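The values are calculated or read from the model by the stated rules, or taken from the named source; none is laboratory data. Everything numeric here is computed off the predicted structure, so don't read it as measured data. Don't worry about glycine lacking a Cβ; one is built from the backbone with ideal geometry, like all the others, and counts go over all protein chains shown. All accessible areas refer to the heavy atoms of the entire protein, side chains included, with ligands and DNA or RNA removed. Shrake-Rupley method; radii C 1.70, N 1.55, O 1.52, S 1.80 Å.
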Amino acid sequence: MNYIQQVFKVKHDFWRYIVGSVIVIIASVIGQIPFTLAALFKAMKSGGSVFEMTESDLMTILEPNLNLFLLLLSFGFALVALFIVVKYLHQQTIKELTTARKKIDFKRILFAFFFWGIISSGMVLLDYYSAPEDYVWNFELKRFLILVVIAILLIPIQTSTEEYIFRGYLMQGFGALAKNRWFPLVLTSLIFGGMHVFNPEVSKLGYTVMVYYIGTGFFLGIITLMDEGMELALGFHAANNLFGALLVSADWTVLQTHSILKDVSDPGIGFYDIVLPVFIIFPIFILIFAKVYKWKNWNQKLFGKIEEPVKENYKILD
């Protein structure tokens, strides 16, 4: 039984996914209360108002480590809510939400994590040495060590929350609704990209950067469908955000951190921002994963229909 098909074993009425999504959104909003209160207090203390601030101003009003901690906190609330929804509203296990394998393959998670972590770090260092004028040394040991603790503890929660929502919960929900694979792939990728439309990067770089976000959604969706599980997507996404937060930040990005380097170049969209990752690196990674994990039946796994199993072969939970 494949990754999406196994959802037919549990309660998969689409109204449950609508209700579940609302519950997760409410939990996320509750998780944002500490950040909102801290920002309000800081703004009042300085004689300003958060309601008059741009999103970039709001993202920099607090000390970077505190800001990162409070921003990521809401993802923990959302993830807990999602797991509760899956267990009680759908009567589904976390394993079934994660993979079609008999158990979650942590080796796959670690492989994708270290593979992309090493390559992405190497790309940052290469860019630093090829254009050192675009960076300033931002390293402060005490603040960086605090960042390391926060990042290691909370960034995997943030990325896992996004993966479990888009490549897990919604991928299976839309798949059960449409009974095919291309519809959930397209829709979850578009929603995932659209979720980033309010990021400061979009207002700074323009809507062209949405190609990167949507393209990333397609990449993560493709490797999830081809591999019959989320493990590779979980590892890749965690590495992308974690190594990025530790190595380099910029004044115009959504996450302001005490990273080792700060990018001070004029922001712009070019070959290295969209074409290289979306149209070169991601396809190469798909081919590498396909070789390592011996993927076959591409057309069926990406575009094929999803047949509901014969009911005699399983029992729907009442």
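When residues of the range 57-82 are filtered for being in contact (Cβ under 8 Å) with a residue 24 or more places away in the chain, in a helix (DSSP H, G or I) and open to solvent by 60 Å² or more (accessible area, probe 1.4 Å), how many remain?
Quick first cut of the range 57-82, residues in contact (Cβ under 8 Å) with a residue 24 or more places away in the chain only: 59-60, 62, 64-82.
Okay, now just the ones that are also in a helix (DSSP H, G or I), so 59, 64-82.
Now restrict to residues that are open to solvent by 60 Å² or more (accessible area, probe 1.4 Å): 66, 69, 77, 80.
Residues in the range 57-82 being in contact (Cβ under 8 Å) with a residue 24 or more places away in the chain, in a helix (DSSP H, G or I) and open to solvent by 60 Å² or more (accessible area, probe 1.4 Å): 4 in total.
If you filter the range 13-32 down to residues that are within 14 Å of LEU89 (Cβ to Cβ) and hydroxyl-bearing (Ser, Thr, Tyr), you find that the one that is least open to solvent (accessible area, probe 1.4 Å) is TYR17. Right, LEU246: at pLDDT 95 or above, over 26 Å from ILE104 (Cα atoms), of a type outside the set (Val, Ile, Thr) and in a helix (DSSP H, G or I) or not? Spelling it out, LEU246 is indeed at pLDDT 95 or above, over 26 Å from ILE104 (Cα atoms), of a type outside the set (Val, Ile, Thr) and in a helix (DSSP H, G or I).
From the set of residues in the range 85-103 that are in contact (Cβ under 8 Å) with a residue 40 or more places away in the chain and open to solvent by 40 Å² or more (accessible area, probe 1.4 Å), which is farthest from PHE8 (Cα to Cα)? Looking at the filtered set, the residue picked out is ARG101. For the range 94-102, check the following and say yes or no: at least one residue is under 30 Å from PHE285 (Cα atoms), among the charged types (D, E, K, R), in a helix (DSSP H, G or I) and modelled with pLDDT under 95. Looking for residues that are under 30 Å from PHE285 (Cα atoms), among the charged types (D, E, K, R), in a helix (DSSP H, G or I) and modelled with pLDDT under 95, one finds none in the range 94-102, hence no. Listed by first and then second residue, the pairs with beta-carbon distance under 8 Å, at least 6 apart or on different chains, first residue in the range 160-174 and touching a residue at least 24 places away in the same chain (Cβ under 8 Å) and small (Gly, Ala, Ser), second assigned to a helix (DSSP H, G or I) and open to solvent by less than 20 Å² (accessible area, probe 1.4 Å), are SER160/LEU234; SER160/HIS237; SER160/ALA238; GLY168/LEU97; GLY168/THR98; GLY173/VAL7; GLY173/TYR17; GLY173/PRO184.
Take the conditions among the polar types (S, T, N, Q) and open to solvent by 20 Å² or more (accessible area, probe 1.4 Å) and apply them to SER265. Does it pass?
On the way: among the polar types (S, T, N, Q): yes; open to solvent by 20 Å² or more (accessible area, probe 1.4 Å): yes.
Yes, satisfied.
Summed over the range 224-237, the residues that are assigned to a helix (DSSP H, G or I) and open to solvent by less than 10 Å² (accessible area, probe 1.4 Å) give a count of 9. Consider THR257 carefully, then state whether it is part of a loop (DSSP other than H, G, I, E, B), more than 12 Å from the chain's Cα centre (by Cα) and crowded, with 22+ Cβ neighbours inside 10 Å. So THR257 fits the description; yes. Of all the listed residues (VAL292, VAL264, VAL254), the sole one being of a type in the set (Val, Ile, Thr), touching an Asp or Glu at 6+ places or on another chain (Cβ under 8 Å) and more than 21 Å from LEU66 (Cα to Cα) is VAL264.
Looking at the range 267-287, which of its residues are within 30 Å of LEU70 (Cα to Cα) and in a helix (DSSP H, G or I)? Break it down stepwise before answering.
We begin by selecting, within the range 267-287, every residue within 30 Å of LEU70 (Cα to Cα); these are 267-269, 273-274, 277.
Once the filter is applied, which keeps residues that are within 30 Å of LEU70 (Cα to Cα) and in a helix (DSSP H, G or I), the range 267-287 yields ASP273, ILE274, PRO277.
Taking the numbered list (1) without any contact (Cβ under 8 Å) to a residue 60 or more places away in the chain; (2) in contact with a Phe, Trp or Tyr (Cβ under 6 Å, 6 or more places away or on another chain) in turn, ASN297 passes all entries but (2).
Within the range 269-278, the residues that satisfy the criterion of being open to solvent by 40 Å² or more (accessible area, probe 1.4 Å) and of a type outside the set (D, E, K, R) are ILE269, PHE271, TYR272, VAL275. Within the range 107-156, the set of residues being more than 25 Å from LEU72 (Cα to Cα), surrounded by 12 or more Cβ atoms within 10 Å (Cβ to Cβ) and not aliphatic (A, V, I, L, M) comprises ASP127, TYR128, ASP134, TYR135.
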